[in-house]
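Undergrad: After the structure tokens below, expect a handful of questions from me.
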Amino acid sequence: MFSPGRTYPVLCLGQFAATAGLTIVVPLLPFYLAGLGTPRPEIPWWTAVSVAAPAVVQLFSGPLWGWVGDRFGRKAMVVRAHAGLGLAIALMALASTPEEFLACRLLQGACGGVVSATASYATAAASTDRRGRALGMLFGATAAGSLLGPLVGGLLATRIGFGPLFAAVAGMLVLSSVLAACSLTEPPAQARERHSPRAIAGILLRRRESRLMLLAGFAAQAAIYALVVVFAPQVERMSGSVATATVWVGALQALTWATSCAGSPWWGRRNDRRPAQLGFAVAAACCALAVALQGLVSVEGLIPLRIVQGFCFAALVQSVLHVNANHVPERGSGTAFGFSTGVLDLGQVFGPLAGAVLAVLLPPAAAFSLIGALLGVAALLALAGRTKAAEVPTHTSAPVEIHEKVLR
């Protein structure tokens, strides 16, 4: 029997474990690649490629796994995503060259996809007027994992190495996969129709509101992942040494995600009461200002800016998923989440590459300003979708079903 009271703790635990494992290395990736023997001039490019690699694969694997979940059950996708990510991280512990680490990141993209799998399950389990709360809870767990990861990475990576940390995280992910298999049951489905990935993608791309939210999410993700590439080197320049920068980067990332952990449930509840795209626009605009100023202040001055960035960043991805979930039939939500996260992952491909170019060609202040400007573009795109949406009737399930028949 389906048990909502048992569902969300299990999903949040898995989301926490997955994110903790990934954020141990991502903020410190330039330092980690240096430890693998990467020549210093090549570190920005290897950082960009390693950050982007899972996203490239997930462009194809995300919609496919979402369709499989819609057709055969969402519980199996939650179990599969955690187990697959655990396998990839276990292999990362054995990597000894940048090429081997990159191969593990590609495997992560093919086998992972925890965010779309858990979001699909959670929204199917929640009533329509509580989807925002469900997504806010999950992304709060994501932020909590991101809080632990930088703390562990910043404090312990230089002492015991990344290998033992990866092994421990892989074990935690395997345990969360087993827990999901034993504890979760398939959420009740209210619709029997099945929809092809092409039809679901068509619904999202044809509707102006969802299309502009996808573009806004892409721009925001690109900006945040460009920031990953330029942030650690900037802190190193400010602090004067790699050892000091490592501690500062870990602490600042932890602070960012602590405020994101607090902000995620708040934005989720807000999205149930008010338009999610308006919340996205406000949050992206605040992020834009906070990021642009990070190239102008001292290392201590980064503290309030990262607090603002973390709280507002919590709204972005969940707002995109919240809007798009309301535009597709129920049995197509898994495919919609897979497609949406695939589009957002495009930002993870473009962002690090753009960040590497900015790090090489521009002074830090200009690089941070351009990244902030991209977040401002994301805010404007979300507002444009909202302005048009206000002129059309509120979405109901009937128009989506009719639209689906037309597409088919």
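Undergrad: Which helices (runs of 4 or more DSSP H) does the stretch 222-337 wholly contain that include 2 or more residues that are over 22 Å from LEU380 (Cα atoms)?
TA: 242-273, 302-313
Undergrad: Which of (1) closer than 23 Å to SER369 by Cα; (2) more than 20 Å from the chain's Cα centre (by Cα); (3) of a type in the set (A, V, I, L, M, F, W, C); (4) buried (at least 20 other Cβ atoms within 10 Å of the Cβ) is the odd one out, the single condition ILE203 does not satisfy?
TA: (1)
Undergrad: Looking at LEU28, LEU64, which is the one that is surrounded by fewer than 22 Cβ atoms within 10 Å (Cβ to Cβ) and either modelled with pLDDT under 85 or closer than 24 Å to ALA180 by Cβ (or both)?
TA: LEU64
Undergrad: I'm checking my understanding of the structure. Among residues of the stretch 176-200 that are exposed (fewer than 15 other Cβ atoms within 10 Å of the Cβ) and within 17 Å of ALA81 (Cα to Cα), which one is modelled with the lowest pLDDT?
TA: Only one residue tops the list, namely GLU186.
Undergrad: Take LEU321 and decide whether it is modelled with pLDDT of 90 or more, under 20 Å from GLY73 (Cα atoms) and either in contact with a helix residue (DSSP H, G or I) (Cβ under 6 Å, 6 or more places away or on another chain) or of a type in the set (Val, Ile, Thr) (or both).
TA: So LEU321 passes the test.
Undergrad: Something else now. Taking the stretch 89-128, which residues are farther than 15 Å from ALA18 by Cβ, part of a helix (DSSP H, G or I) and modelled with pLDDT under 85?
TA: THR123, ALA124, ALA125, THR128, listed by residue number.
Undergrad: Continuing with the same structure: Within the set of pairs 6 or more residues apart or between chains, which connect a residue that is farther than 19 Å from ILE303 by Cβ inside the stretch 278-289 to a residue that is surrounded by fewer than 24 Cβ atoms within 10 Å (Cβ to Cβ) and basic (Lys, Arg) with Cβ atoms less than 6 Å apart?
TA: LEU278/ARG386; GLY279/ARG270
Undergrad: On to the next question. Since VAL57 meets every condition but one in (1) in contact (Cβ under 8 Å) with a residue 60 or more places away in the chain; (2) farther than 29 Å from ARG159 by Cβ, which condition does it not meet?
TA: (1)
Undergrad: Answer yes or no: is there a residue in the stretch 184-198 that is part of a helix (DSSP H, G or I) and aliphatic (A, V, I, L, M).
TA: At the first step, the residues of the stretch 184-198 found to be part of a helix (DSSP H, G or I) are 197-198.
Narrowing further to those that are aliphatic (A, V, I, L, M): none.
Looking for residues that are part of a helix (DSSP H, G or I) and aliphatic (A, V, I, L, M), one finds none in the stretch 184-198, hence no.
Undergrad: Of everything in the stretch 217-262, what is under 18 Å from PHE31 (Cβ atoms) and of a type in the set (Gly, Ala, Ser)? Give them in sequence order.
TA: ALA232, SER239, GLY240, SER241, ALA243, ALA245, GLY250, ALA251, ALA254
Undergrad: Report yes if SER50 is in contact with a Phe, Trp or Tyr (Cβ under 7 Å, 6 or more places away or on another chain), at pLDDT 80 or above, hydroxyl-bearing (Ser, Thr, Tyr) and under 18 Å from LEU344 (Cα atoms), otherwise no. Even if it seems obvious, please write down each step before you answer.
TA: Working: in contact with a Phe, Trp or Tyr (Cβ under 7 Å, 6 or more places away or on another chain): yes; at pLDDT 80 or above: yes; hydroxyl-bearing (Ser, Thr, Tyr): yes; under 18 Å from LEU344 (Cα atoms): yes.
Here the answer is yes, as SER50 does meet what is asked.
The values are calculated or read from the model by the stated rules, or taken from the named source; none is laboratory data. In this text, all values refer to a predicted model and were calculated from it rather than measured experimentally. Every residue, glycine as well, gets a Cβ built from its backbone with ideal geometry; the counts of neighbours run over all protein chains shown.
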